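J.: There's a structure below that I have some questions on.
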Amino acid sequence: MKTGKNVFFRGIVLALALALTVLCFPIDAINVFALENGKVDYNQITIGTDPKEDGTRTEIKTSVTKGETYNIPYAYIGGSSNDYKIGAVGNSGGTKINADSSDEVTVTKSAVEVFYSSKDITKDVNVTSGDDYYGTFTASQEGTYTIRYSYTYTLGKKSYTNSYDLKVISQLSEASFNFKENDEYFIPSIIDLKQIEKIDKDGEKTYKDFLYLPKPEVIDANGENAEVPEENYVTSLPDGYKKGKYVLISANGGVEGGKVDVESKTLDGGKKVFYISGDTIYKKGAYNYSIRYSYYENGEFIATTTKSTRIYNEDAPYYENYSLKYDLSPSWDTIRNNGKIGADIEIPTAIGVTTNNAGENQSVDVRYT
């Protein structure tokens, strides 16, 4: 589960001498960031850029997906991006700031450091010279990263150090699978081999390929399509799977259980499909089969789901005799009676029903063409 959230803020930190106090304000309550006389409050650290013309503020992310790049926001002494940028390229020690003080205030040094747990990884930060953010680092581990902004200044004859820690949570991505409705390929809950077409292969009878597998979409934590490339739906993970998004399709089952081969082929028109061959079913035997879909992102396992089917042998079929029919909901009579001229009407839904040898009705999947 996600433990961090993205927030919009420009945090103000006030410090006197070595004591640090963090003031937390609602966004709408932060109205003034610089002193009216134009001088800099040297006790104040502000994170983020100035408000935009429409009043919105820069998004400061406090969570990142493991393996992604995090942009380190700038922090300033004072309340404006025109003030002293902490740790920025070119901001060396000895800088005097126009402080709200009768004594001269000089920043002797400032720094931005990054830690993972207690390990200093500042050397891994790619420092930029742009105006948008201080630099970047790759969140290669799960857990908490700490971005520490600090500066030392002299006031009169005394020296003081202020600092602020911005915590960023690195976490695994979240994902789920979406199987499209009315897909061309789906996994039925029951397969009756008595109804499957048999073919001759090398002098032996076997079953025609019949269990074609769907390729579900991957939905990310924000409810958006993760857009896994078509070629990254695979039956075995390639050497380069640690970069990118992959869906691994595997299966097991049969009379003795164990791995079941999932094959792929390219149809006319270039469409790649996955299937369990009739020959495999013939050899593995009629029993329970499970098809597993596993999602990997940048080498990390993220999510999985399983679809199952029960295959019945010809010698012990699920139905001896059965027929298929469909019902409409609502019926055409209902639509005709309630319809109005010039108004849209809802096309009825077809409900598939099978009648078995005992006279019982069961619903079946219906695909529209």
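J.: Could you compute Rg(Cα) / (2.2 N^0.38 Å) for the range 138-217, with N its residue count? Don't jump to the answer; show the numbers that get you there.
T.: Numbers: Rg = 31.4 Å, N = 80, 2.2 N^0.38 = 11.6 Å.
Cα Rg divided by the expected 2.2 N^0.38 Å: 2.70.
J.: Can I ask one more? Please give the FRET efficiency for residue 208 paired with residue 301, using the beta carbon to beta carbon distance and R0 = 25 Å, rounded to the nearest 0.05.
T.: After rounding, the FRET efficiency stands at 0.10.
J.: Follow-up. Which far-off residues, 5 or more places away or on another chain, put their amide H under 5 Å from the one on residue 108, with H placed in the peptide plane?
T.: 94, 152, 153, 154
J.: Would you kindly state how much longer the chain becomes between residue 117 and residue 265 on full extension, computed as 0.36 nm times their sequence separation minus their alpha carbon distance, in nm to one decimal?
T.: 48.5 nm
J.: What residues qualify as long-range amide H neighbours of residue 66, i.e. H under 5 Å apart, gap of 5 or more or another chain, H built at 1.01 Å from N?
T.: Residues meeting the amide H criterion: 171, 172, 173.
J.: Follow-up question, since we're still on this one. Can you check what the net charge comes to around residue 282, using other residues whose Cβ is under 13 Å from the Cβ of residue 282 (Lys, Arg +1; Asp, Glu -1)? Display every interim value, and only then the final one.
T.: Numbers: positive: 198, 201, 205, 208, 283, 284; negative: 197, 200, 202, 204, 209, 261, 279, 314.
Here the count lands on -2.
J.: On to the next question. What dipole magnitude, in Debye to the nearest 20, does the range 155-207 give about its Cα centre under +1 on Lys/Arg Cβ and -1 on Asp/Glu Cβ?
T.: With Lys and Arg at +1 and Asp and Glu at -1, about 820 debye.
J.: Let me ask something else. Put +1 on the Cβ of every Lys and Arg and -1 on every Asp and Glu Cβ in the range 230-320; which of 255, 299, 288 then has its Cα farthest towards the positive end of the dipole?
T.: Value: 299.
J.: Restricting to lysine pairs 8 or more places apart or on different chains, what number in the range 186-252 have Cα atoms under 25 Å apart?
T.: 6
Only the coordinates and a few stated rules stand behind these numbers; no lab work does. Everything quoted here is computed from the prediction, not taken from an experiment. Backbone-built Cβ (ideal geometry, glycine too); neighbour counts: all protein chains shown.
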